[in-house]
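Participant: One structure, as structure tokens, below. Some questions next.
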Amino acid sequence: MASESLEIYIAAFSIFIAPILVFICLRLIRNVKFSNQNQKNIVLVGCDTDCGKILLRQLVKSCGHVFATYKDKDKISDLLAESWTKVTFISLDPRKTDEIDRTIKLVTSAQLESINIWAVINLTGNGVCNAKAEWCPKEIYKNAADDNLWAPVEVIRRFLPLIKESRGRMIQLGCSSVTAMSRKAVPYCVANASLRGFIETLCTEMKRYSVTIHWIELQSCYEHYTLQDNEDCFHDSKRKFWNEISTRVNVNFDQLSYDAFVEDYISKTQDYFKKNISQIIWTVENAMFSLNPSDIYTI
């Protein structure tokens, strides 16, 4: 009788308790990081975005050398004014393959103790095109794909041999296409959905090489973190885009309704980042340094 009771207890443990313990252990392992992460070199593509600036300041505290690329030098004037011992700034237009190859040569020729690149963090993209679907001519959809699909794909393709050599990690940030904020930015979402499909397929393909590919999906664009700092640039872009769509598309909207639409979008974007920036940084570091990272993160 006692043995039967024992068998029942063991069976109950196997069915109910053991899976829970395994799940807890796996969750804990995801938070365990490499002990030598301060020796791992990183490439940060897009340090001239607001999210990129914040990530750069955090990365220099937790990893080895950082190769930080920028497209617009004026946007990183504050970074260039500081003294950095673990950062190399490189000009890069991710839409140009020859500049990507030049950047790779600069990275591999750097005289470091270890020139292996452990991870590439890809922030390539120009953010969300703030307009409804009927406002946008076909050219805007094509431009959105050039900036937010083909440019990130080309960066990933060209850097993959370096990551395969180190058996490292490729990390791509993207914005969700299902939220109230970015659902209105249709041209961007078309490109973003395609990019996520590319990342998920590449993730499966690279497992045979012990390379992990990670998609971090944000619920908002990572370009405008503080509206006040970017106010002049933001309004210039808004006026330019309004002029573009108003001359190319015959729509029944006036500029005031467009301005109200964009202001509402940006307001929601700022609220999102103020609330979630610390979680974004934690997620990127987890994807880079965790012993058992997730393939897909959603913030």
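Participant: On the basis of being open to solvent by 60 Å² or more (accessible area, probe 1.4 Å), modelled with pLDDT under 90 and outside any helix (DSSP H, G or I), does VAL178 make the cut?
Facilitator: Numbers: open to solvent by 60 Å² or more (accessible area, probe 1.4 Å): yes; modelled with pLDDT under 90: yes; outside any helix (DSSP H, G or I): yes.
Here the answer is yes, as VAL178 does meet what is asked.
Participant: Collect the residues in region 75-110 that are in contact with a His (Cβ under 8 Å, 6 or more places away or on another chain) and of a type in the set (S, T, N, Q), keeping them in residue-number order. Walk me through how you get there before you give the answer.
Facilitator: From region 75-110, those in contact with a His (Cβ under 8 Å, 6 or more places away or on another chain) are 86-88, 110; that's our starting set.
Within region 75-110, just THR88 meets the criteria.
The values are calculated or read from the model by the stated rules, or taken from the named source; none is laboratory data. None of the values given here were measured: they were computed from a predicted structure. All Cβ positions, glycine included, derive from the backbone under ideal geometry; neighbour counts span all protein chains shown. Remember, those area values only see protein heavy atoms, side chains included, never the ligands or the DNA or RNA. Shrake-Rupley method; radii C 1.70, N 1.55, O 1.52, S 1.80 Å.
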